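Trainee: What follows is a structure written as structure tokens; I'll ask about it next.
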């Protein structure tokens, strides 16, 4: 394309007919373009570019975000991350204290991940959120570098070379629900380098050779459980917390789970297989007092016995579910 670059390209992003490329190159299509350029039929530089290579790109509307190993963008200080508004580069606060390997956009928020341990001057272990004006850590973060991010609805998935996320064991892949980190089963046996979501499936690629304890050479698939809704079914207040038996049970693909809460509380409802591996998080949110009904669809799970567990304000209860197909 137009003579290409004089060195490698690490990241791409597209907006309509415009394609943005970032990497180690300093020339694109025969013209100077330091580590980042735009293709619209011809290669164009983005200002004076960066002083070191770009590892990740993401678009939010017409704004382009770049992350990498650089400390200057367009001639202005920008610690490992910067924004291009179509005319000039600007820093995102005081930036990060280490390289950025992955970027993702959810709504108006930008998520950055990599090898850094500080964001905006505060502790942010390898991952942080930029809301347009300030940086926020995602809980206590992860205990190792993050190489990939993917978004599904309001959930953020992270992959990399870590074993703990938010203080819980999460081998090389984890999910952030906006408040907490969750593992994806028993995870992978070594690093994840790439993630992509297609429908309700999360595809994972990297150095690993097992996924969920099963052979899976460098490529794996995690089925994202589908929660079809939470319905308030009775305004009367129960006397206590309770997890009722699901119905029907046994069930084929879809079942209903009822919760009873004596007062409003943050509720976590998860499903585990007989090996103790989490296969679904159905709830992690505040619910009002009353009776609530959750419709759960599990078309991608195999027949067998599963366990549904609720946690709320120190209350824990488990029910056995039987899936027959």
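Every number here is computed from the coordinates shown, using simple stated rules; none is lab data. In this text the structure is predicted, and so the values were computed from the model without any measurement. For neighbour counting, all protein chains shown are included, and Cβ atoms are generated from backbone atoms with ideal geometry for every residue, glycine included.
Trainee: What is the spin-label model distance, in nm, from residue 88 to residue 123 if the labels are put 7 Å beyond Cα along the C-beta direction?
Mentor: 3.7 nm
Trainee: Need the full-extension length gain, residue 318 to residue 252, defined as separation in residues times 0.36 nm minus the C-alpha distance. One decimal, nm. Provide the component values of the computation, followed by the final result.
Mentor: Details: separation 66, 0.36 × 66 = 23.76 nm, distance 2.01 nm.
Between residue 318 and residue 252, full extension yields 21.8 nm more.
Trainee: Something else: Can you give me the distance in nm between label points at residue 14 and residue 26, each placed 7 Å from the Cα along the Cα-to-Cβ direction?
Mentor: About 3.1 nm, to one decimal.
Trainee: Between residue 307 and residue 217, what is the spin-label point distance in nm, taking each point 7 Å from the Cα along the Cα→C-beta axis?
Mentor: 3.5 nm
Trainee: How much FRET efficiency would the formula 1/(1 + (r/R0)^6) give for residue 131 and residue 201, where r is the Cβ-Cβ distance and R0 is 22 Å, rounded to 0.05?
Mentor: Once the sixth-power term is evaluated, E becomes 0.15.
Trainee: On full extension of the chain, what length is gained from residue 169 through residue 194, given 0.36 nm per residue of separation minus the C-alpha to C-alpha distance?
Mentor: 7.0 nm
Trainee: Could you compute how fast the chain diffuses translationally, taking Rh as the Kirkwood radius over C-alpha pairs and applying Stokes-Einstein at 20 °C with viscosity 1.002 mPa s? Give it in µm² per second.
Mentor: 100 µm²/s
Trainee: Using the beta-carbon distance between residue 245 and residue 154 and R0 = 22 Å, what value does 1/(1 + (r/R0)^6) give for FRET efficiency, to the nearest 0.05?
Mentor: Once the sixth-power term is evaluated, E becomes 0.15.
Trainee: As an exercise, use a Förster radius of 35 Å and the Cβ-Cβ distance of residue 143 and residue 63 to find the FRET efficiency, rounded to the nearest 0.05.
Mentor: E(calc), rounded to 0.05, equals 0.65.
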